[in-house]
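Enquirer: Before we start, here is the structure in question, set down as structure tokens.
No value in this document is a laboratory result; all are computed from the given coordinates. Every value quoted in this text rests on a predicted model; they were computed, and no experiment measured them. Cβ atoms come from the backbone with ideal geometry, glycine included; neighbour counts cover every protein chain shown.
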Amino acid sequence: MAKIRIGHGYDVHALAEGLTLRLGGVDIAHAKGCVAHSDGDVLVHALCDALLGAAALGDIGKHFPDTDPAYKGIDSLVLLREVTALLDRHGYAIGNVDTTLVLQRPKVKPLIGTMREALAGAMGIGVDDVSVKATTTERLGFAGREEGVAAHAVALIEAQ
Ligand code: MG
């Protein structure tokens with residue numbers, strides 16, 4: 001039987017007026033966007049950390065340091081592709097992933113299908129193996145006050 005491993009990822013970015021909001025590889029029309037060295041795609045960052053964690057290969061900050069100008073403004077889907085390739089080089093295939101966005105606004109439900117397709121494409125797996133969910137925090141905490149966005153992710157990988 002294939003050896004199955006699990007990983008978990010979590011990320012937060014602050015929101016600020018006038019920045020682009022990109023979540024799950026999709027640009028979303030909104031007054032605020034994530035403050036970040038990269039494109040600030042908190043969902044993709046949490047997912048990268050879940051995948052790296054499953055393989056015990058460190059975290060996104062180790063592989064793509066935010067002090068490196070090469071990653072300034074980078075499309076986080078490029079990072080997700082690199083993480084997928086890194087896992088492949090270590091003999092791991094991605095099984096399925098499940099993610100949760102935590103934000104008060106905007107409503108992202110209509111975009112979830114597009115996000116799943118973008119993430120699945122970057123990881124080279126089927127859309128059925130990629131789950132994206134979203135929740136508010138009932139206006140509680142930093143997400144509820146629209147000061148930031150959080151994302152959680154879990155991933156299963158299999159040793160080939
Ligand atoms: Mg991040």
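Enquirer: Give me the number: length gained by fully extending Asn96 to Val127, i.e. 0.36 nm times residue separation minus the C-alpha to C-alpha distance, one decimal in nm.
Expert: Numbers: separation 31, 0.36 × 31 = 11.16 nm, distance 0.94 nm.
Additional length available on full extension: 10.2 nm.
Enquirer: Tell me the label-point distance for the pair Asp27, Glu158, using the 7 Å Cα-to-Cβ offset, in nm and rounded to one decimal.
Expert: Here the modelled spin labels are 3.8 nm apart.
Enquirer: Students often check this: by mean Cβ neighbours within 10 Å, which of 6-16, 147-157 ranks highest, and how do the rest follow? Present the calculation step by step, with values, prior to reporting the outcome.
Expert: Numbers: 6-16: 18.4, 147-157: 22.6.
Packing order, densest peptide first, comes out as 147-157, 6-16.
Enquirer: For Arg5 and Leu140, FRET efficiency with R0 = 35 Å and r from the beta-carbon atoms, rounded to 0.05? Write out the running numbers ahead of the final one.
Expert: Numbers: r = 34 Å, r/R0 = 0.96.
My answer for the efficiency is 0.55.
Enquirer: Once you have the Cα-Cα distance between Ala14 and Glu117, take 0.36 nm times their residue separation minus that, and quote the gain in nm to one decimal.
Expert: So the chain would gain 34.5 nm between Ala14 and Glu117.
Enquirer: In addition: Once you sort the root eigenvalues of the Cα gyration tensor of segment 1-46 as a ≥ b ≥ c, which label holds: rounded (a/c under 1.5), prolate (a/b larger than b/c) or oblate (the other case)?
Expert: Details: a/c = 4.19, a/b = 2.71, b/c = 1.55.
It comes out prolate by the Cα gyration axes.
Enquirer: Same structure again: Pull up the cross-link candidates among the lysines for Lys107, meaning alpha carbon to alpha carbon under 24 Å and not fewer than 8 places away within one chain.
Expert: In chain and number order, the partners are Lys32, Lys133.
Enquirer: When Rg is the radius of gyration of the Cα atoms in the chain and Rh is its Kirkwood radius, what does Rg/Rh come to?
Expert: Details: Rg = 15.0 Å, Rh = 15.6 Å.
Using Cα coordinates only, the ratio equals 0.96.
Enquirer: Another question, if that's okay. Give the shape of segment 104-148 as rounded, prolate or oblate, defined through the alpha-carbon gyration tensor: a ≥ b ≥ c are the square roots of its eigenvalues, a/c under 1.5 means rounded, and otherwise the shape is prolate if a/b is larger than b/c and oblate if not.
Expert: Values: a/c = 3.20, a/b = 2.85, b/c = 1.12.
Taking the square roots of the gyration eigenvalues as a ≥ b ≥ c, segment 104-148 is prolate.
Enquirer: Find how many whole Å separate the alpha carbon centroid of segment 49-83 from the alpha carbon centroid of segment 107-160.
Expert: 17
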